[in-house]
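The values are calculated or read from the model by the stated rules, or taken from the named source; none is laboratory data. Computed from a predicted structure; not experimentally measured. Don't worry about glycine lacking a Cβ; one is built from the backbone with ideal geometry, like all the others, and counts go over all protein chains shown. For the accessible areas, the whole protein counts, side chains as well, though only heavy atoms, and no ligand, DNA or RNA atoms are used. Shrake-Rupley method; radii C 1.70, N 1.55, O 1.52, S 1.80 Å.
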Amino acid sequence: MAQRYVSNKNESVRMFESDFMEFFSHVHPATPLVIYLPVVGFMLDLALRRRGLSIGAGAGLFLLGILIWTFVEYAMHRWVFHYQPRSRWGKQFHFLLHGVHHDYPKDASRLVMPPVVSIPLALFFYTLFLLVFGSMTPAAFAGFLVGYLFYDMVHYATHHFSMKGGVWLFLKKYHMRHHYDDDHVGYGVSSPLWDYVFGTRAPKPEAHATSLDDSRRLVSPSNH
């Protein structure tokens, strides 16, 4: 298996000459939780208490919001993060957006989305939700944000936590195959659902036992 990274240690590469911009490119993994969990609570309170949405309707919209997030996650990862630009500027932007993560996959300070990116995106998607869901937006958008938070936390965990079994080990192996085996498959991080729908599912472990052994070695605690 060809090496698909520059460093597999928990270390960073400088991305900006400006110290100000460089500072904001590093994010503590708890930052999204601190920012968005209060927003989720506010949205649910707005939907259920202030606007009187029933528990059943609220739960349905909440789950729909999560489902919408899984598609957005897949679409952004496949068609935005893995778009292959040809221009010099495009290649530089792609490296800043996602290439740096594949070159330094265990950089703990660049595994969750920076607020300078996530907040404008959240406002953009909230506007879209308003256009589609109207007064029912808060319940659906709360689910959307929970889906995003689950994605960010799972992404961090797959790179830095040991998974002993069950769905967590499955998600870890699935994402590691995207990094260390074939980055043209396995675009889903928190869920492989849309990989199955669009035919980009990462191969089963049994079909690539050797590369998976290497993947487990590459993400072992000794590489931190």
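Quick notes on this structure:
- Accessible solvent surface per residue of the chain, calculated while the other protein chains remain in place, 1.4 angstrom probe, Å²: 53 Å²
- Heavy-atom accessible surface of LEU97, to the nearest 10 Å², is about 60 Å², with a 1.4 Å probe and all protein chains retained.
- Taking a straight line from the alpha carbon of LYS204, these lysines sit under 27 Å away, with near neighbours fewer than eight places off in the same chain left out: LYS9, LYS106, LYS164, LYS172, LYS173.
- Report summary: the helix-based calculation at 222 nm, which adds -39500 (n - 2.57) for every DSSP H run with n ≥ 4 and divides by the residues of the chain, gives -18000 deg cm²/dmol.
- For the stretch 22-122, the list of chymotrypsin sites (Phe, Trp or Tyr not before Pro) that fall in a loop by DSSP and count at most 14 other C-beta atoms within 10 angstrom reads TYR83.
- The chain: angle of helix 137-160 to the longest principal axis, Cα-based, in degrees nearest 10: 20 degrees
- Distance between the stretch 43-76 and the stretch 151-209 - C-alpha centres, whole angstrom: 25 Å
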